[in-house]
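Here's the structure, in structure tokens; my notes come after.
The values are calculated or read from the model by the stated rules, or taken from the named source; none is laboratory data. Small disclaimer: the values here were computed from a predicted structure and weren't measured. For neighbour counting, all protein chains shown are included, and Cβ atoms are generated from backbone atoms with ideal geometry for every residue, glycine included. Surface areas here come from the heavy atoms of the whole protein model, side chains and all, with no ligands, DNA or RNA. Shrake-Rupley method; radii C 1.70, N 1.55, O 1.52, S 1.80 Å.
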Amino acid sequence: MKTIGILGGMSWESSLIYYQNVNQLIKNRLGGLHSAKVVMVSVDFGPIEKLMRAENWDQVAKQLIESAQQVQAGGADLMLIATNTMHKMYDQIQKAVIIPIIHIADVAGDAASSLEYS
């Protein structure tokens, strides 16, 4: 089983939902007492939110890159960013780590393309 990295804390509530959903998927697929192998780094969103309000996106990216590198160093094989807004810096973060980051737009696009329209 691969180890899933979660870059969270933006907000902790969304991180909880990502963690819960990942583990529910593993339980559904493998049954029993199986759960996901997860490495999570949770940031303190307060200072990041202040940087966002000041439109200091370079500093936001720097902090998220450092956290993403911690996720990678923790042994994650791939990573999720547990928020929508921070995907704005997806390219910068992806360039700073070796492991793949699953982009929310790709997942949403795949889900939308599989919908049946009547």
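Couple of notes before you dig in:
- For residue 70: the one exception among (1) open to solvent by 60 Å² or more (accessible area, probe 1.4 Å); (2) part of a helix (DSSP H, G or I); (3) more than 16 Å from residue 40 (Cα to Cα); (4) in contact (Cβ under 8 Å) with a residue 24 or more places away in the chain: (3)
- Here residue 51 clears all of (1) open to solvent by 60 Å² or more (accessible area, probe 1.4 Å); (2) at pLDDT 95 or above; (3) over 14 Å from the mean Cα position of the chain (by Cα); (4) not small (Gly, Ala, Ser) except the condition numbered (1).
- Failed condition for residue 79, given (1) in contact with a Pro (Cβ under 9 Å, 6 or more places away or on another chain); (2) not in a strand (DSSP E or B): (2)
- Only residues that are surrounded by 13 or more Cβ atoms within 10 Å (Cβ to Cβ) and part of a helix (DSSP H, G or I) were counted across region 22-48, and they come to 6.
- Evaluation of residue 10 against (1) modelled with pLDDT of 90 or more; (2) under 15 Å from residue 88 (Cβ atoms) (one fails), failing number: (1)
- Residues being among the aliphatic types (A, V, I, L, M) and in contact with a Leu (Cβ under 6 Å, 6 or more places away or on another chain) - total across region 54-78: 3
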